[in-house]
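Note sheet for the following structure.
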Amino acid sequence: MKVVLVTLLCLHGLIHIMGFLKAFEIGRFPMMTENISRLHGLVWLFTAGLFMVSLVLYLIRSESWSWVGLAGVILSQILIVISWTDAKHGTWINLLLLIPLITALSEMRFNSMTECAVEQLYSTNESILDENSEEAPLHELPGIVTKWIDNSGIQDLGEIRKVHLRQKGQMRLTPDGRWMSFSAEQWFNSNEPGFVWKTKVDAFGPIFLSGRDQLITERASMNISLLSSIPVVSESEDPKLTQATMTRFLAEICWFPSAALHPYLVWESIDEYTARATFRDHPEVSGVFHFDPHGQMVSFEALRYRDSGEHASLEPWSVRNTSFKQFGPVKLPNKSEVCWITDEREFHWLNLEITEIDYN
């Protein structure tokens with residue numbers, strides 16, 4: 001897809017130079033029968049320049065390539081209409097270019113909306129700090145949870161307010177479905193349970209899905225679109241979706257264990273290596289953490305709504321951490337498997353790897 005787009009931008013730009021050369025009688029172009037004024041010739045040259053600039057911006061990964069390319073397509077089509085007999089076939093190239101251009105512009109809009117969501121996620125941080133500044137003492141937590149926090153090294157970083165990480169992995173929609181690669185970026189608010197998760201899933205060929213899950217001020221939403229432009233799923237203001245999203249947040253504090261100290265969680269010991277955490281104000285959101293003798297969190301289990309809506313039901317959901325890695329002073333799970341367990345059958349649907357993580 002990238003090679004095709006680069007080729008189209010380059011060739012279309014070069015073809016427009018012919019209009020300039022024809023207008024200024026530089027060279028011979030027998031295939032161009034209509035006269036072109038010098039003013040129009042300069043416009044042909046300017047349009048060629050737009051396509052070339054768009055090409056360069058695309059190669060250096062600047063999002064603005066799409067705006068420049070769209071301006072080139074619009075101007076090109078105006079010139080084609082003026083010189084329809086000679087240039088009408090250029091319309092097909094403009095139509096082909098519109099597909100990646102519209103997709104890129106839609107992706108820019110999607111990313112802009114994600115940035116707004118992240119700003120909203122952190123907008124309440126200071127007030128939350130003032131109201132809930134007292135964390136639970138380590139000695140009040142189950143012993144294995146205290147060991148987990150101590151051995152992770154997270155306390156060497158001081159108070160964790162914000163977490164930002166990048167992920168990659170594979171997912172599938174059905175137990176026998178094809179695995180699809182994805183990349184993702186996620187932002188957490190540790191002080192008030194919340195996150196924004198943005199992903200891009202390679203569905204097939206150049207076709208991709210854009211997704212955004214978020215939990216902000218205890219309100220969850222989920223949006224999935226084809227090529228960042230065609231809505232596939234858009235859900236919000238559903239208590240079952242909120243329960244599912246808060247359960248996910250609970251499982252993912254494995255990447256910032258100091259969240260276990262916050263007063264929004266209540267802990268209880270189950271046995272030497274197992275403890276349960278429950279949201280103080282949301283008793284329907286609870287999960288069991290399993291640790292190894294070294295205090296590493298090896299798995300998480302909970303009842304979670306798999307879907308939303310009237311007919312959604314709670315189903316067993318589990319996360320298994322299969323690998324651990326040192327990120328600076330902190331040792332965390334870097335690879336995980338996520339499963340639904342229905343009617344004694346395990347649906348392993350997600351493989352996840354953390355590639356980067358930053359705090360505050």
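The values are calculated or read from the model by the stated rules, or taken from the named source; none is laboratory data. On a predicted model such as this, the values are computed, not experimentally measured, just so you know. Every residue, glycine as well, gets a Cβ built from its backbone with ideal geometry; the counts of neighbours run over all protein chains shown. Heavy atoms of the whole protein, side chains included, go into the accessibility calculation; ligands, DNA and RNA do not. Shrake-Rupley method; radii C 1.70, N 1.55, O 1.52, S 1.80 Å.
Quick one: is ALA251 open to solvent by less than 10 Å² (accessible area, probe 1.4 Å) and over 23 Å from GLN186 (Cβ atoms)? No. If the condition is being farther than 17 Å from TYR122 by Cβ and assigned to a strand (DSSP E or B), then the range 196-212 contributes THR199, LYS200, VAL201, ASP202, ALA203, PHE204, ILE207, PHE208, LEU209, SER210, GLY211.
Residue-wise test of (1) open to solvent by 10 Å² or more (accessible area, probe 1.4 Å); (2) of a type in the set (A, V, I, L, M, F, W, C); (3) in contact with a Phe, Trp or Tyr (Cβ under 8 Å, 6 or more places away or on another chain); (4) closer than 26 Å to LYS335 by Cα.
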position	(1), (2), (3), (4)
PHE204	yes, yes, no, yes
LEU209	yes, yes, no, yes
SER228	yes, no, yes, no
PRO231	yes, no, no, no
SER234	yes, no, no, no
ASP238	yes, no, no, no
ALA275	no, yes, yes, yes
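Scanning the range 305-336 for residues that are in a strand (DSSP E or B), farther than 26 Å from SER221 by Cβ and open to solvent by 40 Å² or more (accessible area, probe 1.4 Å) turns up ARG320, THR322, PHE324, LYS325, GLN326, LYS331, LYS335. Of everything in the range 48-64, what is assigned to a helix (DSSP H, G or I) and either touching a Gly at 6+ places or on another chain (Cβ under 6 Å) or open to solvent by 80 Å² or more (accessible area, probe 1.4 Å) (or both)? Give them in sequence order. Correct list: ALA48, LEU50, PHE51, MET52, SER54, VAL56, LEU59.
Contact map, the range 278-304: first residue at positive phi, second residue open to solvent by 50 Å² or more (accessible area, probe 1.4 Å) and of a type in the set (D, E, K, R), Cβ cut-off under 9 Å, separation 6 or more or different chains; pairs are GLY295/LYS147; GLY295/ASP150. Of all residues in the range 27-75, those satisfying the criterion of being within 18 Å of ARG109 (Cβ to Cβ) and among the charged types (D, E, K, R) are ARG61, GLU63. Among the residues making up the range 69-90, those that are open to solvent by 30 Å² or more (accessible area, probe 1.4 Å), under 15 Å from HIS12 (Cα atoms) and either under 34 Å from the mean Cα position of the chain (by Cα) or not β-branched (Val, Ile, Thr) (or both) are LEU70, ALA71, ILE74, LEU75, GLN77, ASP86, LYS88, HIS89. Within the range 208-221, being within 14 Å of ARG248 (Cβ to Cβ) and in contact (Cβ under 8 Å) with a residue 40 or more places away in the chain holds for ARG212, GLN214, ILE216, GLU218. Looking only at the range 1-47, residues that are open to solvent by 80 Å² or more (accessible area, probe 1.4 Å) and either under 31 Å from the mean Cα position of the chain (by Cα) or of a type in the set (D, E, K, R) (or both) come to 7 in all.
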